[in-house]
Amino acid sequence: MNTKEMAGHLGIHEKRVYALIRQKRVPASRVTGKWLFPKNLVDEWIERDVASGFAEAKKKGSRIGGALLAAGSNDAVLDILQSEVRKTNPDILLFSSNTGIKAGLAALNKGYCMVPSA
């Protein structure tokens with residue numbers, strides 16, 4: 001992928017792609033003056049970044065009594081659940097991460113979250 005395709009793949013502005021390159025945070029190679037991004041390496045980088053983010057959230061959540069982490073699709077039912085939990089059990093904190101159902105189920109399987117959302 002080139003920088004424009006990479007920006008589209010990540011859903012960010014192309015200028016942000018250049019910032020990621022400068023920070024050496026994204027797998028990239030410069031070939032004949034153009035930045036190229038192998039899609040398979042970018043997807044692996046995303047998976048690692050998501051996994052480390054979930055692990056960090058789980059670690060932080062375990063330090064907060066009553067914290068639950070949900071991961072998956074943006075789910076209206078989860079929003080309703082968060083509101084009801086807040087009303088009925090204010091000591092329980094429910095955090096959610098909109099990762100998509102596949103990543104949410106993978107996070108649940110690996111123990112990164114406690115609640116999947118579909």
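Derivation of every value follows stated rules applied to the coordinates shown; laboratory data play no part. The structure displayed is predicted, hence computed values, not measured ones. Virtual Cβ from ideal backbone geometry, glycine too; neighbours counted across all protein chains shown.
Counted by neighbouring Cβ atoms within 10 Å, the residues MET1, MET6 run from fewest to most as MET1, MET6.
A simple count of charges around GLU47, restricted to other residues whose Cβ falls under 13 Å of its Cβ and scoring Lys, Arg +1 and Asp, Glu -1, yields +1. Cross-link pairs exceeding 22 Å in C-alpha to C-alpha distance, out of LYS15/LYS110; LYS4/LYS39; LYS39/LYS110; LYS34/LYS102; LYS15/LYS39, comprise LYS15/LYS110; LYS39/LYS110; LYS34/LYS102.
Between GLU84 and ASP43, the FRET efficiency estimated from the beta carbon spacing at R0 = 30 angstrom works out to 0.25.
Between ILE101 and LYS24, the distance separating the two model label sites (each 7 Å from Cα on the Cα→Cβ line) works out to 4.1 nm.
Cβ-Cβ distance of THR32 and ILE12, R₀ of 30 Å, FRET efficiency by 1/(1 + (r/R0)^6): the value works out to about 0.80.
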